[in-house]
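Okay, so here's the structure we're looking at.
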Amino acid sequence: MSLPLNLSDLDDSQLEILDQRLSGGGLGAVQGPPGTGKSLLMAYEAAFAYALEIKPIVVAAYGNQTIDHVLRYTRALLSMGRMTRMEGELRSHICRVGYAPAISDDIRPFHTNRPREIMRSALIFTTLHSAWRIANRINAQRIIIDETAQARPEQVYIVLENALSLADTSDGVDLTVVGDHMQATPISSNRREVGILSRLAKSSPQRVAMLRTTYREPEPNVDMTSQIFYEGRLDAPFEVRGRRLPLPNRVSGWIGRVLDAEEPLTFVDARGPESQAGFGLSNTEQARLVEDLVKSYTVAGIDVRDPDRMMVVTPYRGQIIETRRRLEVAGLPGVKVTSITKALGLESDITVLQTVRSNLSGNIGMMGWTEILNVGTSRMRCKLIVIGNLETFAEGHVYDTRSNTQYTSRSRRVARFIESHGSVIQAPCTTP
Amino acid sequence: MSSWIAQAALCGWKFRLGLIFGVPGGGNRGSLAGFFVHQVLSRAGETIERVWHSGGTESSIVDQLAGELNPVQALVLPEWRKDLEDRYESVDFDAHRIVAEMRLRGIVEGLAQYMARREPPRKVLNELQIMDPHTHHEGRLDAIFEWDDRCATVDFKTYSDEAPRSHGYDHLQIVANGMLANYRYGRPGTDFTNNELVIIYTGGLYFPRPTQRMVERVTSARDYVLGCLQSSQSHEAQTLNRYACQFCEKQDACGFYRTIERLHRTGQLADADEELRRSTWRRRYAILDYRQISHKNKFTVALNQLRLLEQYKVLETGYSLGPSSPNANSMLLIRRGGSNAFLEGDAVRIIGLEPGRPIMGSINFNGSVEVVSQQGVEVGLTGRPVSDVCRLLNGLPIALMRTEVDLTKRELQALDYIQRRASPTVREIAEALLGEE
């Protein structure tokens, strides 16, 4: 293939899958574990298809942030390949369809919902639920959909319904679905719902290719993710395995041991109780420890307000509110504190994970859901600090209200892994 | 939901096609002008109230209203134009604008007739959403004119220039809306004492009567709608109005699904179609379940005490209006100590807790949380000017309730596409995507 695109960014497994997707027709799926470059691969597929004159191409995702991210990559690839000379020219080939306020500022210049501009574009980016705006005005030759692990069938059908011409038999369409069912499932509060990727993996595993090289987590974290969630099939290059975040200044005391840059995997055992007010579970002691950590990282010379440097995640809204409030009162607003669900697709050098649950029954709650646990423990490039009650976390019971059953989650294996490969530090107890 | 009820009262199949089978509407360009008029009127509550209080003859009210609505029109016009251009490849905007402005003028004349006949009300409540949790009936009323001892339930008939027909869709819809107004004022749904029903159409007024027959038609249609939405029940659809088919834009889809269902019942449906029917029905029921979930907070709020709701963080009270610029798109709601329940991006309903009114019958608006601070929250409003919202919330204690955005309509439409319109190749892909649960 002689195309003006640089392939040096892709590893062997990415190249193999890209080749398969571009040469093999019909339906194919790509499972991308954390940090394996799903978005980049999607952008390559879109850019190559564009270069091969397979047009129009529709690229879709469940969420606005994700699709904007893929568009950014695609724009960069097309600019790099010099297939288009300038940004202005790019805009006549690429469009971003959807609800304007939800689109990132840097992508806004590509935004349009106008039928004529959509029809003129070779690459159309949209969320699943905004695809109706395409309204059969094109007949897509290739459709690429991200985040299909959390998409229900009918949500993907919205793209099929609108991106294919009704007049055409649409025999030629190629569809690539991308995602990771170990990181996400459809959002549902009372149904056991299964996403597209998981369905495909069960019914036609031969259609699902997996990306096996992660560029995010160092050793031993990558091994934890690989063994516990991907049956040992995930690996990281040497330079990623050895990645560390040096701290400009030294911090002493017990918290200095927590911050130790040479130890990428640390569990801070905090026994303070959880408190429940309806849906808003929280844990005051864990929020206090986050405050201490953020202060200490500031002392250590880390820009804690840079979300690329540091991120605090938790599965509970109540804890997000509690932590943000605490940091604000302490004069540290602006630190990224977010839910694990919203952290999907994000990464930072340091990730602090608050497990919140701390009880004698060993009920780990949402942290026991495989996808939440996987995402919560795999956002970091250099250091993961888990704050939680180790006993509760290691018990790892989850009560499934949908099936009225109790099961043991993978948090038990995560706890064992950290005990054997990372460090466990007892937090000084302040809560009786 | 009042419009579904009115539709179901005329033809059960038409209702089911839209809401359960996901058959898309016809996209009639004739109703585009109505959209503009509706947008202007939904922002005109404050203007109507002020002009009414200033008094005058019918013609002077028309002139004054028309003049005062000019700036509102100027605001709505670019939004409407953009919407038209986003929807259609080619659109003669000026022609549509002329129709829209004429229709607005006609509605203003009808409204002025009513204003000249009645003393000014205490309050003009426009675009009011009310939900009666006991009957599971929810609707958005175009307006309620509220006096101390009575009210008027108002419907602006903006989608066409024709006068409403007695016993037709408009009549059924306003009776359904009137029942919601009755709930707001603490009366049984069927008690229309001191509740005047008014349809304001281009150049005129129509006062439909809530006769016992009409009320029964509405309540039986409401039961039918609820039965259809409960996935466990099967209801035979009926076309109650023999002329309904003549004007129906969904005849093809109706024929398709009626045939499929008949063949299924008689065991004559081909295996592949039977399998497709089974899988699409499964997904439809799943979508209806999701739709239910997206509405559950409203029921929780309507049926529980404030203290309990606060404790469970379904709703948070203690908010009051903060200073807001009238031209802004968002408003500040102050709360001592800030919010304990909300995060940026949350979809919320802002409820003005009116004394003596049920929570879900009180003044309320939709919005989304943009900023959370120690002071309170800043909420972006959806389709309402801040000044109008402030007018209605002024002096009331305010509660914020979490809501969810219901996106299921597009999902049902996609299923209709797969079952009814997709090519065999696309259907094959769709079936492969369905895979195994």
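Any read-out appearing in this document is the output of simple, stated calculations on the displayed coordinates, not a laboratory observation. Quick caveat: nothing in here was measured; it's all calculated off a predicted structure. Cβ sites come from the backbone with ideal geometry, for glycine too, and all protein chains shown count toward neighbours.
Values computed for the structure shown
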item: Relative contact order (%) - criterion: Cα under 8 Å, at least six apart; region: chain A; result: 15
item: Extended-chain gain in nm, criterion 0.36 nm per residue less alpha-carbon gap, residue B:193 and residue B:57; result: 46.1 nm
item: Label-point separation in nm, residue A:303 to residue B:308, each point 7 Å along Cα→Cβ; result: 5.1
item: Computed over the stretch A:12-210: relative contact order in percent, which uses C-alpha pairs under 8 Å that are six or more apart; result: 28
item: Fewest-first sequence of A:211, B:77, A:7, A:40 by Cβ atoms within 10 Å of each Cβ; result: A:7, B:77, A:40, A:211
item: Residue-by-residue Karplus 3J(HN,Hα) for the stretch A:122-129, coefficients 6.51, -1.76, 1.60, Hz, glycine and proline x; result: 8, 10, 10, 10, 7, 7, 4, 6
item: Added length on full extension, which subtracts the Cα-Cα distance from 0.36 nm per residue, residue B:270 to residue B:344; result: 21.6 nm
item: Neighbour-count ranking [beta-carbon atoms within 10 angstrom, fewest first] of A:383, B:298; result: B:298, A:383
item: P(r) tail fraction, the protein assembly as shown - alpha-carbon pairs more than 34 Å apart, %; result: 59
item: The stretch B:125-205: trypsin sites (Lys or Arg not before Pro) in DSSP loop, at most 12 other beta carbons within 10 Å; result: B:165
item: Kirkwood-type radius of the stretch B:304-402, with distances r between different C-alpha atoms, in Å; result: 13.3
item: Cβ-Cβ FRET estimate between residue A:400 and residue B:245, R0 fixed at 45 Å, reported to 0.05; result: 0.40
item: Label zone at residue A:16, where the point sits 7 Å out along the Cα-to-Cβ direction: the stretch A:222-244 residues whose backbone N lies under 19 Å; result: A:226-227, A:230-238
item: The protein assembly as shown: antiparallel DSSP beta bridges as a percent of all, rounded to 5; result: 50
item: Links that overshoot a 24 Å alpha carbon limit, given the list A:55/A:202; A:202/B:296; B:298/B:409; result: A:55/A:202; A:202/B:296
item: Separation of the residue B:98 and residue B:382 label points, Cα + 7 Å toward Cβ, nm; result: 3.6
item: For chain B, with +1 on Lys and Arg beta carbons and -1 on Asp and Glu, the positive-most of B:54, B:360, B:98 along the dipole; result: B:360
item: Proximal lysines relative to residue A:383, as straight alpha-carbon distance under 20 Å, when same-chain residues fewer than 8 apart are discounted; result: A:295, A:336, A:342
item: Least to most buried among B:408, A:405, A:355 (fewest other Cβ within 10 Å first); result: A:405, B:408, A:355
item: Given charges at Cβ of Lys, Arg, Asp, Glu: the protein assembly as shown dipole, positive-most of B:188, B:323, A:242; result: B:188
item: Efficiency of FRET from Cβ geometry, residue A:192 and residue B:259, R₀ 51 Å, rounded to 0.05; result: 0.90
item: Loop GluC sites (Glu not before Pro), the stretch B:286-345, which have at most 16 other Cβ atoms in a 10 Å radius of their Cβ (DSSP); result: B:344
item: Qualifying trypsin sites (Lys or Arg not before Pro) for the stretch B:335-437 [loop in DSSP, other Cβ within 10 Å: at most 12]; result: B:336
item: Residues with amide H under 5 Å from that of residue A:312, placed H, sequence gap 5 or more; result: A:336, A:337, A:338, A:352
item: Rule-of-thumb Rg ratio for the stretch A:221-426 [Cα; 2.2 N^0.38 Å; N residues]; result: 0.96
item: Over chain B: helical MRE at 222 nm, DSSP H runs n ≥ 4 each giving -39500 (n - 2.57), nearest 500; result: -15500 deg cm²/dmol
item: Förster radius 41 Å - calculated FRET efficiency between residue A:106 and residue B:150, Cβ distance, rounded to 0.05; result: 0.15
item: Relative contact order [Cα under 8 Å, 6+ residues apart], chain B, whole percent; result: 18
item: Residue-averaged [θ]222 nm for chain A, counting only DSSP H segments that reach four residues, each worth -39500 (n - 2.57); result: -10000 deg cm²/dmol
